[in-house]
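Written below as structure tokens is the structure these notes are about.
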Amino acid sequence: MSDTEFAPEARLITETGLDLRIAQMIEPLLQSMGFNLVRVRLSGQNGLTLQIMAERFDGTMTVEDCEEVSMAVSPVLDVEDPIDKAYHLEVSSPGIDRPLVRKSDFEKWVGHLLKCETSVLVDNRKRFRGKLVGANETGFIIERDQPGYGEELTVEIPYSALSEARLILTDDLIRDALKADKDAKAAAREAANENEEPQDD
């Protein structure tokens, strides 16, 4: 399946401040190249590090893809110059215990453990941990691993209340993530083979 068959999907969770400004600069470029932006984060790591987390529309991200993204965004950042100090640019894949930032992320990883925070109280809490058991257009459902006294086992969290969510590393997640990556790469290879014009002798 080619990247053009995937429509860019808006993120539920976006940055604030300078991180948001940088995200707005680079996201259209990444999408035009066939990548989804997952997250931008400027941290004090190694002096100052700008981390850009991205993946192809099909969910894959190779070392070569990271280099391609880095080479594409560097000139944009040099021209726009949003960071007034020297910094280190780091482009990476979301990883296996990835942040969940789009509705499709929640739909894809149903059955796995996650932890999340909300910006407002949901069922008298802002922090949740448990198994993702369902996702729909407006929110997702968690089966809590340690419900408090008087709490229901499951809780539905609206996307509009979400401030952060990420998968929790488990053996099942590693297995499923590796299989998903393998399947996506196989599908990409198959699509590439189909698109090749037959050569005349």
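Here Phe106 meets the list (1) over 15 Å from Ile13 (Cβ atoms); (2) outside any strand (DSSP E or B); (3) of a type in the set (A, V, I, L, M, F, W, C) almost entirely, failing just condition (1). From the residues in the range 53-83 that are hydroxyl-bearing (Ser, Thr, Tyr) and closer than 22 Å to Arg166 by Cα, which one is farthest from the chain's Cα centre (by Cα)? Filtering first and then ranking leaves Thr62.
Taking first residues from the range 184-201 that are within 26 Å of Lys108 (Cα to Cα) and partners that are modelled with pLDDT of 85 or more and surrounded by 10 or more Cβ atoms within 10 Å (Cβ to Cβ), the Cβ contacts under 6 Å between residues at least 6 apart in sequence or on separate chains come to Ala184/Asp58; Ala184/Gly59; Ala184/Thr60; Lys185/Thr60. The strands (runs of 3 or more DSSP E) found entirely in the range 6-95 include none that carry 2 or more residues being free of Cβ contacts under 8 Å to residues at least 12 places away in the same chain. Note on the range 114-162: among residues that are small (Gly, Ala, Ser) and at pLDDT below 95, the one that is surrounded by the fewest Cβ atoms within 10 Å (Cβ to Cβ) is Gly150.
The values are calculated or read from the model by the stated rules, or taken from the named source; none is laboratory data. Because the structure is a prediction, the values reported are computed rather than measured. Cβ: placed from backbone, ideal geometry, glycine included. Neighbour counts: every protein chain shown.
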